[in-house]
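Readers should treat all values here as calculations from the given coordinates under stated rules, not as data from a laboratory. Keep in mind that this is a model prediction, so the values were computed, not measured. Virtual Cβ from ideal backbone geometry, glycine too; neighbours counted across all protein chains shown.
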Amino acid sequence: MADGSAGDADYGRIGVGYTSYRQPEPAFEAAIRGAFGAARTVLNVGAGAGSYEPRDLDVTAIEPSAKMRAQRPADRVAAIDGTAEELPFDDDTFDAAMATFTVHQWSDLGRGLGEVRRVTRGPVVVLTCDPTALRKFWLYDYAPEAIDTEARRYPTIDAILTGLGGGTATPLPIPLQCVDGFGEAYYGRPERLLDPGARLANSAWSFVAPEVHERFETTLGNDLFNGRWDAKYGALRNQPHFNGSLILITSPGNPLA
């Protein structure tokens, strides 16, 4: 693609304004940081705008999209132009590696995971979504096309674990005021998804037809106005956490001294 996006989504188009909607969620940040253990050097693969990079560790970032590299804050390291499938590093270069909301974009999952494992001595940490759990989200009632798109794109948890040579998969509860605006972050704030920018920050929406967006806005807008959404889902507005599709995978690698 023109800006170097490696997967099926064109971040040269949908990456505009991404950081206005996708900020690191502190609860997820703490879980990822805890999984690094004693690591001092970390590789962030598919690094995007730098969310979840630990500020107290030595980070190397790699990101193929020019649009996303340009949105990295000034206090983050500049990202290398590159992809997971061809990492320009020697074996065992890093203590740890991370990949957040990115493995579904990789053109060759097995090769990418093999490369990440090759260059990493210790834990590899992957934040992803379980495609079998996506339909738990109320959005499936309103835009099944968007959810079905996500379910097709996200690799299975078993495929990721196999590609990394084993590990653990831990569900991550999503807080009500989650500041990382992936779809399920709005489980109790449905009005937010009426904002086209919020949808654009979720790559699945870039694959559905304009009429799906129009139908979604009309149907959800009407149901919020007349109370139908709240009659069915209103309890979510005060539910502290949502146990959705979000998964944190940790593959330990070799213990770090």
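Remark: the stretch 214-226, residue by residue, has Karplus-estimated 3J(HN,Hα) of 5, 4, 4, 4, 5, 5, 5, x, 5, 5, 6, 5, 8 Hz, where x stands for each Gly or Pro and the curve is 6.51 cos²θ - 1.76 cosθ + 1.60 at θ = phi - 60°. Put in order of Cβ neighbour count within 10 Å, fewest first, the listed residues 241, 213, 104 become 241, 213, 104. For the stretch 110-257, the C-alpha radius of gyration sits at 1.20 times the compact-globule guess of 2.2 N^0.38 Å, with N the residue count. The amide H of residue 89, built 1.01 Å from its N in the peptide plane, has no neighbour under 5 Å, considering only residues 5 or more places off or on other chains. For residue 22, the residues 5 or more places off, or on other chains, whose built amide H falls under 5 Å of its own are 181. Largest mean-square fluctuation among 136, 67, 232, in a Gaussian network model of the chain whose springs join Cα atoms under 10 Å apart, belongs to 232. For residue 61, the amide hydrogen comes within under 5 Å of the amide hydrogens of 44, 80, counting only partners 5 or more places away or on other chains and with H modelled in the peptide plane.
For the chain, what does the alpha-carbon gyration tensor say about shape, rounded, prolate or oblate, given a ≥ b ≥ c as the root eigenvalues, a/c under 1.5 as rounded, and a/b over b/c as prolate? Prolate, because a/c is 1.5 or more and a/b exceeds b/c. Dividing the summed helix terms, -39500 (n - 2.57) for each DSSP H run of n ≥ 4, by the number of residues in the chain produces a 222 nm estimate of -8500 deg cm²/dmol to the nearest 500. State the answer as a single residue: which of 229, 241, 23 lies farthest towards the positive end of the charge dipole of the stretch 11-251, with beta carbon charges of +1 for Lys and Arg and -1 for Asp and Glu, about the Cα centre. The residue sitting most towards the positive pole is 229. Computed about its Cα centre, the charge dipole of the stretch 11-251 is approximately 340 debye, with only Lys, Arg, Asp and Glu carrying charge at their Cβ. Listing 236, 139 from fewest to most neighbouring C-beta atoms within 10 Å gives 236, 139.
The GluC sites (Glu not before Pro) of the stretch 176-257 include none that DSSP puts in a loop with a beta carbon having at most 11 other beta carbons within 10 Å.
With contacts taken as Cα pairs under 8 Å and at least 6 residues apart, the chain reaches a relative contact order of 23 percent.
Could you list the residues of the stretch 134-177 with an amide nitrogen less than 14 Å from a label point located 7 Å from the Cα of residue 225 in the Cα-to-C-beta direction? Residues passing the 14 Å test: none. If the chain linking residue 179 and residue 194 were pulled fully straight, counting 0.36 nm for each residue of separation and taking away their Cα-Cα distance, it would gain 3.8 nm. In order along the stretch 248-254, the phi-based Karplus estimate (6.51 cos²θ - 1.76 cosθ + 1.60, θ = phi - 60°) of 3J(HN,Hα) comes to 10, 9, 10, 10, x, x, 8 Hz; Gly and Pro are listed as x. Rounded to the nearest whole Hz, the Karplus-based 3J(HN,Hα) values (6.51 cos²θ - 1.76 cosθ + 1.60, θ = phi - 60°) of the stretch 134-151 follow the sequence 5, 7, 6, 7, 4, 4, 4, 5, 10, 9, x, 4, 5, 5, 5, 4, 4, 4, with x at glycine and proline. Exposure proxy for 172, 193: other Cβ atoms within 10 Å of each Cβ, ordered fewest to most, give 172, 193.
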